[in-house]
Amino acid sequence: MHQNGATAIAIDGPAAAGKTVVGTRLAKKIGYRFLDTGMMYRAATVAALDAGADFEDLKQLTDAAQAIEIEARAAGDGTTLIFINGTDITSRLRSHEVDSRVSIVSAIPRIREIMVEAQRKLAEGGGIVMVGRDIGTVVLKNADPKIYLTATLETRAERRFVEMQDRPGQPPLEEVQETMRKRDDIDSSREASPLRPAEDAVIVETDDMTVDEVVCKLSDIARRVVS
Ligand code: CDP
């Protein structure tokens, strides 16, 4: 239950800071919907790969993103499945191929416009936890609270490496860290909606915290607006 009908909680931060796992659990705990906006940029990247787009050609990338319909469906186990034009592409979203290209796609202003519009529509009515890079600064400027989840590059790379280690073709830790560093650099230095904490964001450093502890901390922060 939430008191202020239009409440939205924004969680932003760099790669593998734990936004998805923590955001999903927080949303469940307080009865809010959950949207991982990174999945939308990743889906646009899968579409560009499938279209054989040249990743140096912004028009080809934009055309590929505009040609698809992205749909999120809840799976029975509480996770979300992502479909492009009716085909389930969820298992491809976190591939190394997508990791190393998604920041090129997400830096394109026209693609961001399309995604942000869709995200704002999905937030109508409130009662949503939305995670990404620009939720508190651009997408939902009225979100309350705004949380910026972070940890050192080393911690985050290690977490992502462990999470992905059973995947075929998983690169070594050093490569995971290097891909993540490059992605963070592009995300923070791009002109369109760069990654940065909103002025009124609560910054949560998660290096020495378990997922349970972060969920508890965020629930405490959210208690102000959620009854
Ligand atoms: O899970 P992880 O933090 O590694 O990444 P993600 O949240 O799935 O986001 C993948 C990429 O999408 C990011 O590196 C950004 O380039 C882009 N992104 C963005 O630009 N804006 C958002 N609101 C969400 C993601």
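The values are calculated or read from the model by the stated rules, or taken from the named source; none is laboratory data. Since the model is a prediction, treat every value here as computed from it, not as a measurement. Positions of Cβ are generated from backbone atoms using ideal geometry, with glycine treated the same way; all protein chains shown enter the neighbour counts. For the accessible areas, the whole protein counts, side chains as well, though only heavy atoms, and no ligand, DNA or RNA atoms are used. Shrake-Rupley method; radii C 1.70, N 1.55, O 1.52, S 1.80 Å.
Key figures
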item	result
Matching residues, region 12-67, being more than 20 Å from the chain's Cα centre (by Cα) and acidic (Asp, Glu)	ASP50, ASP54, GLU56, ASP57, ASP63
Considering residues of region 17-38 that are more than 11 Å from the ligand (Cβ to nearest atom) and part of a strand (DSSP E or B) only, the residue surrounded by the most Cβ atoms within 10 Å (Cβ to Cβ)	PHE34
Counted residues, region 45-55 - those being more than 9 Å from the ligand (Cβ to nearest atom) and open to solvent by less than 20 Å² (accessible area, probe 1.4 Å)	4
Criterion violated by SER106 - all others in (1) in contact with a helix residue (DSSP H, G or I) (Cβ under 6 Å, 6 or more places away or on another chain); (2) at pLDDT below 95 satisfied	(2)
Any hit, region 178-191, residues being more than 15 Å from the ligand (Cβ to nearest atom) and not aromatic (Phe, Trp, Tyr)	no
Selection count where residues are of a type in the set (Val, Ile, Thr) and surrounded by fewer than 14 Cβ atoms within 10 Å (Cβ to Cβ), scope region 174-216	3
